[in-house]
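> Encoded as structure tokens, here's the structure I'll be asking about.
Quick note: the coordinates plus some simple rules give every number you see, no bench work behind them. From a predicted model like this one, the values you see are computed outputs, not experimental measurements. Reconstructed Cβ throughout: ideal geometry from the backbone, glycine too, with neighbour counts over all protein chains shown.
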Amino acid sequence: MGLVGERGMRRGVYLTVGAIEHAQRDIAKPWPAAAFWKYMARLVDTGVVKVAKEHGELGEEWGLRVARAGGGIVGTRERRVRAAAEWMQKYVTCREGVWEVKIGQLDSMVQDLTRGESSGRARVTRQEIYCAVMVIAAEKKATVQVRMLGKGGAKREWRQEWEEWMVQEKWFGAGEARKVMDAAGLQIKDMEREILTVIEGGAGYYGATDGLLQEVNRVVTIDRESHNLGELRGREHPEITAEFCRKGKQTVVEMAMSRGKVHRREVVGLWFSASCGPWSTGNGLGKSKGVGKGPHAGQEVEPEELQAVDAMIESVDKFERKGKGGNRYFIENVAWGGLKDHPPMKAAFGEGSRHGAREGIVMGCAYGLKHQGPYRFWTNLTEEEWMPRVAEDYCVHCREGTQHEEVMIPGVGDHRSRPTLPGYTMEAARNRVPPPLAASVARGFLKAHETRWKKKRRRQDQE
Ligand SMILES: [Zn+2]
């Protein structure tokens, strides 16, 4: 190995990726390539050789690149586990040291990590990533939602598949592999059966998720980024992190369904919280009191915010039309925000629904908020399926015309505090939909869903 760039002998030999490839091409030619990479792998794994960038520091990523270049022989188990763990650190919610990997996240991880760097060479495989995650789960560092169906929805014996794969690839001996899969099994949330699902868009703050989950088994959250919810919950990562824009032919909702492996008939409804930033008169609080951005305050909305809102409108609209009257949605926005005046919104859904609510506004205080928390909503739930609570029936302040305990935008001389939720950040507290409200909407979704499939079954029976 005289040819290759050596650095810092004291800490082992540092080889650049280029040098390794060069060595394989020119010096090790008589060797079969696989044997060469296997040899290199052993050197890297035992720490004799470390992989360096062309000019600069040693990087883990570069070690992985050698692994990829080596047709998956190099590094093997440890490298895959490390790559999976690194990915999870970035994109998966962690509570008390345990990652909660959701179906959509598992799928994204596989997509990201198996993306080959150059064609023609063997890549990291899907199976390797699944098994790496199983190793992490076996160490009780992750709970994992798994949904592995075969062709035509047939049950796949994936646990056994992975166990056999681990043995075959020499990750573990037979007995050990069994132990790993048994231990991992305790952390696996198998989702093979049909599940009642709500897709929640704009869920970065986990706004309606808790409430929806009181009624349905699964909420697939999709948002543009993750948010810190505060010390009580830590950083919450949406199941699907994506820009809100159409991907090829897929709308945002369709993307959430395919990445989250949601079957069409499992979706009982859509919940969308329109980004309250630019559409809220309260935006900018703390910087310039009471002065908002957005159309309501006569200012332009950021182009990317507009694009996100338009992508939401398009995807909800398409979802509704495809359902032929059966697909339900619920969109909420702060009551006095500018969304109702946004022309594409008006064209698709009007200025908001009524359902007997005064001015089409639902009051959060009717659902337990300490401030009035007015929401404007757009929904195709019928009044038989869902009706909002009347604030005067549920809130003493609304009934008697007295001040609520808290206030979203304090006026001059108003010393009431803004909405708070112990253990949560102010942003999270403000963005949280009262769980009883979200739960009541989810019950409406379920009613509509039940009627729809009952009707369909009846029709099928008659045919
Ligand atoms: Zn009230």
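> If N is the number of residues in the stretch 201-263, what value comes out of its Cα radius of gyration divided by 2.2 N^0.38 Å?
The stretch 201-263 yields a ratio of 1.15.
> If you don't mind, there's one more thing I want to ask. Over all alpha-carbon pairs of the stretch 77-190, lay out the pair-distance distribution in 10 Å bins, whole %, shortest bin first.
For the stretch 77-190, the pair-distance distribution reads 14, 47, 33, 6, 0.
> So, one more: So, in nm, how far is label ARG25 from label ASP210 when the simple model puts each one 7 Å beyond its Cα toward the Cβ?
About 5.8 nm, to one decimal.
> Roughly what would the spin-label model give for LYS140 and GLN89, points 7 Å off Cα along C-beta, in nm?
2.2
> If r is the Cβ-Cβ distance from GLU225 to THR382 and R0 is 25 Å, what FRET efficiency results, to the nearest 0.05?
Calculated value: 0.10.
> Tell me the label-point distance for the pair LYS454, LYS249, using the 7 Å Cα-to-Cβ offset, in nm and rounded to one decimal.
3.6
> Leaving out same-chain residues fewer than 8 places away, which aspartates and glutamates sit with a Cα under 14 Å from that of LYS90?
Leaving aside aspartates and glutamates fewer than 8 places away in the same chain, those within reach of LYS90 are GLU100, ASP112, GLU225, GLU236, GLU239.
> Right, next: Tell me, what is the FRET efficiency for THR402 and ARG126 to the nearest 0.05, using R0 = 51 angstrom and their Cβ-Cβ distance as r?
For R0 = 51 Å, the calculated efficiency reads 0.25.
> Something else now. Within straight cross-link reach of LYS324, meaning Cα distance under 18 Å, which lysines are found once same-chain residues fewer than 8 apart are removed?
Straight-distance partners of LYS324: LYS447, LYS454, LYS455, LYS456.
> Restricting attention to the stretch 369-463, which chymotrypsin sites (Phe, Trp or Tyr not before Pro) occupy a DSSP loop and are surrounded by at most 14 other Cβ atoms within 10 Å? Please list the in-between numbers first.
Details: sites: TYR375, PHE377, TRP378, TRP386, TYR394, TYR424, PHE445, TRP453; in loops: TRP386, TYR424.
When the chymotrypsin sites (Phe, Trp or Tyr not before Pro) of the stretch 369-463 are filtered for loop state and at most 14 Cβ neighbours within 10 Å, nothing remains.
> Between the stretch 187-234 and the stretch 401-463, what's the alpha-carbon centroid distance in Å?
Their Cα centres are 14 Å away from one another.
> Aspartates and glutamates near LYS38 by alpha-carbon distance under 20 Å, same-chain residues fewer than 8 away left out - which ones?
Straight-distance partners of LYS38: GLU21, ASP26, GLU60, GLU61, GLU78, GLU117, GLU128, GLU169.
> Multiply the residue separation of ALA174 and THR420 by 0.36 nm, subtract the distance between their alpha-carbon atoms, and state the gained length in nm to one decimal.
Working: separation 246, 0.36 × 246 = 88.56 nm, distance 5.38 nm.
This chain segment gains 83.2 nm when fully extended.
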